[in-house]
1. Between ILE96 and VAL114, with labels modelled 7 Å along Cα→Cβ, what's the label distance in nm to one decimal, could you check?
2. Quick one: how many Å² of MET242 are accessible to a 1.4 Å probe, rounded to 10?
3. Given a 1.4 Å probe and the protein chains all in place, what does the accessible area of PHE69 round to, in Å² to the nearest 10?
4. Which value in deg cm²/dmol, rounded to the nearest 500, describes the helix-derived mean residue ellipticity at 222 nm for the chain, given -39,500 (n - 2.57) per DSSP H run of n ≥ 4 and division by the residue count?
5. Accessible area per residue of the chain at 1.4 Å probe, in Å²?
6. Given a 1.4 Å probe and the protein chains all in place, what does the accessible area of ARG21 round to, in Å² to the nearest 10?
7. When only the heavy atoms of the protein chains count and the probe is 1.4 Å, how do ARG11, ARG254 rank by accessible area, highest first?
8. From Cα pairs below 8 angstrom and at least 6 apart in sequence, can you work out the relative contact order of the range 9-187, rounded to a whole percent?
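The values are calculated or read from the model by the stated rules, or taken from the named source; none is laboratory data. All of these numbers come straight from a predicted model, not from anything done at the bench. Virtual Cβ from ideal backbone geometry, glycine too; neighbours counted across all protein chains shown. Protein only, heavy atoms only, side chains kept; ligands, DNA and RNA dropped before computing areas. Shrake-Rupley method; radii C 1.70, N 1.55, O 1.52, S 1.80 Å.
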Amino acid sequence: MTQASNAPSRRAAAIEASRARALARTPLQSMRHGATHSLPFLLVMVPFGMLFGVVATNAGFDLAQTMGFTILVLAGASQFTAVQLLTDNAPLWLVILSSLAVNLRMAMYSASLVPWLGAASQPARAAVAYSLVDQTYALSIDYFQNTPKLSIPQRLGYFFGTAFVLCGAWMTFAYLGATVGRAIPDSIPLDFAVPITFLAMIAPALRSLPHMAAATVAVVVSLFLVGLPAGVGPMIAAILAMLAGSATEVWQVRRSGGRA
């Protein structure tokens, strides 16, 4: 009993110590910390980036087009969607619309970052908008929520540390995929990285019943709507998932008598 009762207090003490270390870091140290936190994602970012380079090259893109697309768009899911539609000779308006639909989740990411980074300068916010991808968002929002007293420079430092590693890796390995990717045997599949990278981001965030309800609805609806045009199903699933998560949270609050 004594050991069980001491476990929560030890855990709380460890959390407070971690927060104290975070608050003591300079913006540069926060950047290094963010870069360190990003390193495990390289296990999936490397094959994911190489896969895009291979797919774009096989679709007829030359190296300049592949890298221009990668640097300007910097959004893996949208890039894959656009390349597939272009390969299928889809009209340009459909390519653009579908890519925007796939990437609309970034609007939700941006909205949730406003309380944490909204007071940053306009150039800093523009840089955040450019380098905002699934992985930089997932790492940063978790870090900000767990350490809410960070200063704006510390938050920006952490975010840009994650962006330096992850966005840099995406560009670097897309280049390698486009240049040497064809030498990779077909027996070595690169597309395993796509589902794994999203599982790695989402699983640690499933901390409460609303989170799990939202994730369940998103998965079920996405599978049910898999036959819709690219990007439409996930967007519908995202909206319904947010509604399900919000409804579950409201139900929990009411059940606890108004206590959040």
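1. Computed distance between label sites ILE96 and VAL114 equals 2.6 nm.
2. 90
3. Ignoring ligands and nucleic acids, PHE69 comes out at about 40 Å².
4. -25500 deg cm²/dmol
5. 56
6. For ARG21, solvent-accessible area is about 140 Å².
7. Highest to lowest solvent-accessible surface, that is ARG254, ARG11.
8. Rounded, it is 47 percent for the range 9-187.
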